[in-house]
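The values are calculated or read from the model by the stated rules, or taken from the named source; none is laboratory data. This structure is a prediction, so every number in the text was calculated from the model and none was measured. Here Cβ is always computed from backbone atoms with ideal geometry, including for glycine, and neighbour counts include all displayed protein chains. For accessibility, only protein heavy atoms count, side chains too; no ligands or nucleic acids. Shrake-Rupley method; radii C 1.70, N 1.55, O 1.52, S 1.80 Å.
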Amino acid sequence: MRSLHLDADNPAAPLVTRDLPRAPLGPTALRVRVHAVSLNRRDLMIRAGTYPVPPTPGVVPLSDGAGEVVEVGRAVTRFAIGDRVTSCYFPQWIDGRLSLAQAMQQAGCSLPGWLADEVVAEEQAVLAMPDHLGFDEAATLPCAGLTAWNGLTGGRPVRAGSTVLTLGAGSIAVFAIQFAKALGARVIATTSSDDKAARLASLGADEVLNYRQSVDWDREVLRLTGGRGADHVIEAIGPATLERSLRCAAWDADIGLMGVFGGDDSRFDPRAFSGRVLTLRRIAVGSRSDFEAMNRLIAAHRLRPVIDRVFPVEEAEAAYRHLADSAHLGKVVIRVAG
Ligand SMILES: NC(=O)c1ccc[n+]([C@@H]2O[C@H](COP(=O)([O-])OP(=O)(O)OC[C@H]3O[C@@H](n4cnc5c(N)ncnc54)[C@H](OP(=O)(O)O)[C@@H]3O)[C@@H](O)[C@H]2O)c1
């Protein structure tokens, strides 16, 4: 069994390849042949030492993976050999509210991740892939896809006809545009380039604002909504945009806060809340139950995740660099097998 690992002493050092004997299978565990994994910004943060949960030294990285069940423990009931499954970011968060203990148990960080040709996973910690998706596509869903879904539905769910605002052309925003359109919403998106604006429009965004040209994009959102503002904001950026997000949110809007972009120089002034009623919800990906609900929407609308680029596993480091360059639109995938 071949796996890639963070360097135990220095996670920023090149990944270490190891050939290890197959781990034994517990009664409720599955052995999964991994076909594809995808990268998230947190995977860069883990290697840079800026992620709030410390990685286990030498851990196999990456939370997001998809593969095929090749062996089942004797007490497994949910899956059979040949089933196609995806990972869960929080393997122990099945449903309900997230506890701190569950939050600390993360695949590809405190727990082993999926950058390996095989993984052993508890059957409760994976779920079936939507039938119409390939492994590359399914591997994009566990973090960015589910975070977007949680932002749209985990508080007061988006209703047909409501206005959703997405910020930047990052992976969460791209998923949010696809899901919001499938839910019947109007979508206003922002991005930094006209090329990306055209891509977001082709994915269904009704209006796209270039936030470099329209620096006062919050005013534009108000203008486009006749002064009403956005009912839902997918705040995948954070301190650098939050004040403007509040200013162009509708009365009693829902703001899902995921992002941590902005740097040390961005300042959020809490007086921006004054005179406003809204729900600000800091999101942590989602539970397996949320993931199952998202997959039902993906299957019903035959949605296809947007993939920017697929790298072979031998070029895993190049995949990390590609994400760090931030020129992507859609997910960065590493194909492990197949
Ligand atoms: N809380 C959670 O559960 C959770 C889960 C996943 C991710 N996250 C966090 O959410 C954030 C987004 O994740 P992602 O996967 O979407 O990242 P991503 O794909 O790497 O997004 C990168 C994009 O963010 C946009 N951006 C960066 N700074 C911006 C700014 N000041 N104003 C507007 N847009 C800006 C850029 O869009 P343009 O190219 O259009 O400029 C860039 O292409 C990250 O901070 C990540 O760590 C949180």
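Maximal additional length on extending the ALA160-GLN213 stretch stands at 16.1 nm, based on 0.36 nm per residue less the C-alpha distance. Taking the Cβ of LEU15 as the center, what net charge do the other residues with Cβ under 15 Å away carry, scoring Lys and Arg +1 and Asp and Glu -1? It works out to a net charge of -4. Surface composition of the chain: carbon and sulfur atoms hold 51% of the protein heavy-atom accessible area at a 1.4 Å probe.
For the range 162-231, the square roots a ≥ b ≥ c of the C-alpha gyration tensor eigenvalues yield an a/c of 1.5 or more together with a/b not exceeding b/c, which makes the shape oblate. When the Cα positions of ALA182, MET258, GLY170 are compared along the charge dipole of the range 155-282, ALA182 comes out farthest toward the positive end, with charges on each C-beta of Lys, Arg, Asp and Glu. For the chain, DSSP calls about 50 percent of its internal beta bridges antiparallel. Placing a label point 7 Å from the Cα of GLU71 along the Cα-to-Cβ direction, the residues of the range 121-138 with a backbone N closer than 12 Å are 121. Computed extension length for ILE94-ALA80: 3.0 nm, one decimal, from 0.36 nm per residue of separation with the Cα-Cα distance subtracted. About its Cα centre, the chain has a charge dipole of approximately 720 debye under the convention of +1 per Lys or Arg Cβ and -1 per Asp or Glu Cβ, with nothing else charged. Accessible surface for the chain, divided over its residues, is 43 Å² per residue with a 1.4 Å probe. If a spin label sat at a point 7 angstrom from the Cα of TRP251 along the line to its beta carbon, the backbone N atoms of the range 148-190 nearer than 18 Å would be those of 162-163. Normalising the average separation of contacting C-alpha pairs (under 8 angstrom, six or more residues apart) by the number of residues puts the relative contact order of the range 155-282 at 22 percent. Remark: the ARG223-LEU25 segment gains 65.4 nm on full extension, using 0.36 nm per residue and subtracting the alpha carbon distance.
Taking amide hydrogens as placed 1.01 Å from N in the peptide plane, the amide H of LEU280 sits under 5 Å from those of ILE255, each at least 5 positions away in sequence or on another chain. A Cβ-based charge dipole, computed about the Cα centre of the range 198-338 with Lys and Arg at +1 and Asp and Glu at -1, lands at about 300 debye. Scoring 109-119, 41-51 by mean Cβ neighbours within 10 Å over their residues and listing the highest first yields 109-119, 41-51. Entry note, the chain: the mean residue ellipticity at 222 nm calculated from DSSP H runs of n ≥ 4, each adding -39500 (n - 2.57), is -6500 deg cm²/dmol after division by the residues and rounding to the nearest 500.
Shape of the chain from its Cα gyration tensor (a ≥ b ≥ c, root eigenvalues): rounded if a/c is under 1.5, otherwise prolate when a/b > b/c, or oblate? Because a/c hits 1.5 or more and a/b exceeds b/c, the chain counts as prolate. Sorted on the mean count of surrounding Cβ atoms within 10 Å across their residues, most packed first, peptides 79-85, 276-282, 202-208 read 202-208, 79-85, 276-282. The separation of the range 63-98 from the range 113-191, counted between C-alpha centres, amounts to 18 Å. With the cut-off at under 20 Å, measuring from each backbone N in the range 149-182 to a point 7 Å along the Cα-to-Cβ line of PHE273 picks out 155-156. Normalised by the number of residues in the chain, the mean separation of alpha-carbon contacts (under 8 Å, six or more apart) gives a relative contact order of 18 percent. Which of GLY108, VAL119, GLY145 sits farthest toward the positive end of the charge dipole of the range 98-162, with +1 on the Cβ of Lys and Arg and -1 on the Cβ of Asp and Glu? It is GLY145.
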